[in-house]
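Encoded as structure tokens, the structure appears first; notes follow it.
The values are calculated or read from the model by the stated rules, or taken from the named source; none is laboratory data. Quick caveat, the model's predicted, so the values are computed rather than measured. For neighbour counting, all protein chains shown are included, and Cβ atoms are generated from backbone atoms with ideal geometry for every residue, glycine included. What goes into the accessible areas is simple: the full protein's heavy atoms, side chains included, and nothing from ligands, DNA or RNA. Shrake-Rupley method; radii C 1.70, N 1.55, O 1.52, S 1.80 Å.
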Amino acid sequence: MLRGRIQAGEWGKGVTEQALCAEFGVSRTTVRHALGSLKHEGLLQSRRGVGTHGVPRAVPTRLVRASGDPLHGAIATKPRVVSSGKVAAPPEVAAFFGLAPGASVLRVVRVHDVDAAPLSVVVSYLPAEFEAGLTRAALCGPTHEMLWQRFALKQKRSMHALRVARADPMVASLLGIGLAEPVLRVQSSVYLDDDRPIRWTENFFREDRYEYHAEMEWPDPATTTRPGDVPSALRTRIKVRQGGTVPEARRSVDSTQASSATSARGPAARLEKAVPINARSKNT
């Protein structure tokens, strides 16, 4: 609650420990612990004789639609490689690749920054044999381009699952947020044109900076031939948020729900050019 006040610019002058104790009905020890955590995160500053003041984080506002990487494309993020190397495959990753439990896979951890501030942590798992053919510079670029240029492997389709998760120690540290704070987790399962599994990726986005929108286009009921037909097209939109109040709830969307008729006409996800948020019409 205090974090939300700071980020919304509602932390007023003269806020004291005593006032917070009275407002929330807690001890001074509890209040001091909470304020200490917020200072550690860089959200509060204290100066002797002046008091404690909020330090809201300035994040640029941008609404973007793009091709390529559907989660980061055209946001102008700057990826940096944190680590890469062979690890024992987690159970769900081993199952995805059809490996024995504990078999080696290549894990690459990257952070995507926007205007020098972290937006997301991306953890990718690839077959272990790719390690020898990859440089750190190659890992900074889009993975699908790297697979094509270096190994002549063509990605054909991916399945995305969205849910709210809690930041573990690694994610919290890299995103600059508190341990167990909510993040948007987007897990991607990627397949080649011959349907072989090639990449398992977990994207963790700061929930106060990122929104994923999906727009469905439904078929004409007069032409529907089967009950329960799914939308004929899916349009996605990515938004980088700038402070303000974060909605209490967000809907999850599985972008794989596009009809087979769509694949005959083109990609199910149609992404468009960047549009500033302030320029959007009310009907957007």
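Among the numbered conditions (1) open to solvent by 60 Å² or more (accessible area, probe 1.4 Å); (2) modelled with pLDDT of 80 or more; (3) assigned to a loop (DSSP other than H, G, I, E, B), the only one that Ser67 does not meet is (2).
Give segment 175-201 a look and list any residue that's touching a helix residue (DSSP H, G or I) at 6+ places or on another chain (Cβ under 9 Å), in contact (Cβ under 8 Å) with a residue 60 or more places away in the chain and not in a loop (DSSP other than H, G, I, E, B), or say none. The answer is Ser189, Pro197, Ile198, Arg199, Trp200, Thr201.
Residues of segment 159-174 being in a helix (DSSP H, G or I) and crowded, with 16+ Cβ neighbours inside 10 Å, which ones? Matches in segment 159-174: Val171, Ala172, Leu174. Do we have any residue at all in segment 38-57 that's of a type in the set (A, V, I, L, M), modelled with pLDDT under 70, under 30 Å from Thr143 (Cβ atoms) and open to solvent by 40 Å² or more (accessible area, probe 1.4 Å)? No. Is it true that some residue in segment 110-120 is open to solvent by less than 10 Å² (accessible area, probe 1.4 Å) and over 20 Å from the mean Cα position of the chain (by Cα)? Looking for residues that are open to solvent by less than 10 Å² (accessible area, probe 1.4 Å) and over 20 Å from the mean Cα position of the chain (by Cα), one finds none in segment 110-120, hence no. Restricting attention to segment 202-217, the residues being farther than 12 Å from Leu71 by Cβ and in contact with a helix residue (DSSP H, G or I) (Cβ under 7 Å, 6 or more places away or on another chain) number 2. Total residues in segment 179-192 satisfying the condition of being out of contact with any Asp or Glu (no Cβ under 6 Å at 6 or more places or on another chain), open to solvent by 10 Å² or more (accessible area, probe 1.4 Å) and closer than 30 Å to Leu38 by Cβ: the figure is 4. All conditions but one from (1) under 22 Å from Ala138 (Cα atoms); (2) modelled with pLDDT of 95 or more apply to Phe97; the one that does not is (1). Selection of segment 130-144 for residues being under 25 Å from Gly98 (Cβ atoms), free of Cβ contacts under 8 Å to residues at least 40 places away in the same chain and surrounded by 12 or more Cβ atoms within 10 Å (Cβ to Cβ) yields only Phe130. Scanning for something surrounded by fewer than 18 Cβ atoms within 10 Å (Cβ to Cβ), modelled with pLDDT under 85 and more than 24 Å from Arg107 (Cα to Cα), does segment 205-213 turn up at least one residue? Yes, there is a match, as at least one residue in segment 205-213 is surrounded by fewer than 18 Cβ atoms within 10 Å (Cβ to Cβ), modelled with pLDDT under 85 and more than 24 Å from Arg107 (Cα to Cα). Of the residues screened, Val87 is one that is open to solvent by 30 Å² or more (accessible area, probe 1.4 Å), of a type outside the set (Lys, Arg) and not in a loop (DSSP other than H, G, I, E, B).
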